[in-house]
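What follows is a single structure, written as structure tokens, with notes after it.
The values are calculated or read from the model by the stated rules, or taken from the named source; none is laboratory data. Fair warning: this is a prediction, and the values are worked out from it, not measured in the lab. Neighbour counts are summed over all protein chains in view; Cβ atoms, including those assigned to glycine, are modelled from backbone coordinates with ideal geometry. Keep in mind that these areas ignore ligands, DNA and RNA; they rest on the heavy atoms of the full protein, side chains included. Shrake-Rupley method; radii C 1.70, N 1.55, O 1.52, S 1.80 Å.
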Amino acid sequence: MSYSTDRFEEMVEALRQRDHRMTPQRLAILRILAASNGHPSAEMIFDEIKKDFPSTSLATIYKTITLAKEMGEVLELEFSHDSNRYDGKKPVPHPHLICTECKKIIDPELDSVNHLQKEIIRETGFKVTNHRLDFYGICPECQKK
Ligand code: ZN
Ligand code: MN
């Protein structure tokens, strides 16, 4: 599966196939989810959307995220003490790097996860269906501060 194709178009198409009404607000939300800059929370998306659509509610943001999530078009990263964050760019399990200072989350480009998964399967006999791999630290920008 390739993620170089336009994720926004793919997400719109997927939701349209289920015959969901595409409002300008919903399209704007999908665009932010597809770009996944820093892996936004619902509140971060809400703050962006409000600039162009002041009447949008946080509930609308959540509804769209839930829909995209149900269709496997967005990956949810749950945190117990912080807001959940979302990745529509790459909606399958993959490792994340989390900056504990500015809270941004990025996708490292790694080949080693496939090897790790194969090793785990070989060692344990598990049928692995999902994984969550987070690295915490301080990003280069925050290190300069
Ligand atoms: Zn940072
Ligand atoms: Mn990601």
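Against the conditions (1) without any contact (Cβ under 8 Å) to a residue 60 or more places away in the chain; (2) within 30 Å of K144 (Cβ to Cβ); (3) in contact with a strand residue (DSSP E or B) (Cβ under 9 Å, 6 or more places away or on another chain), E76 satisfies every one except (2).
Which of (1) exposed (fewer than 15 other Cβ atoms within 10 Å of the Cβ); (2) in a loop (DSSP other than H, G, I, E, B); (3) out of contact with any helix residue (DSSP H, G or I) (no Cβ under 9 Å at 6 or more places or on another chain); (4) not assigned by TED's automatic domain parsing to the domain that holds L30 does K103 not meet, given it meets every other one? Only one criterion in (1) exposed (fewer than 15 other Cβ atoms within 10 Å of the Cβ); (2) in a loop (DSSP other than H, G, I, E, B); (3) out of contact with any helix residue (DSSP H, G or I) (no Cβ under 9 Å at 6 or more places or on another chain); (4) not assigned by TED's automatic domain parsing to the domain that holds L30 is unmet by K103, namely (1). Residue check: is N114 in contact with a Pro (Cβ under 6 Å, 6 or more places away or on another chain) and either within 16 Å of ligand 2 (Cβ to nearest atom) or on the phi < 0 side of the Ramachandran plot (or both)? No; evaluated as a whole, the condition is false for this residue. The residues in the range 51-67 that are in contact (Cβ under 8 Å) with a residue 24 or more places away in the chain and open to solvent by 60 Å² or more (accessible area, probe 1.4 Å) can be counted, and the count is 1. Of all residues in the range 117-134, those being away from ligand 2 (no atom under 12 Å from the Cβ) and either loosely packed, with under 10 Cβ neighbours inside 10 Å or in a strand (DSSP E or B) (or both) number 7. Checking the range 29-44 against the condition returns a match, with at least one residue being modelled with pLDDT under 95 and within 16 Å of ligand 1 (Cβ to nearest atom). Against the list (1) at pLDDT below 95; (2) closer than 22 Å to E10 by Cα; (3) within 15 Å of ligand 2 (Cβ to nearest atom), the condition P108 fails is (2). Scan the range 68-94 residue by residue and report those that are part of a loop (DSSP other than H, G, I, E, B) and surrounded by 17 or more Cβ atoms within 10 Å (Cβ to Cβ). Within the range 68-94, E73, V74, G88, K89, P91, H94 meet the criteria.
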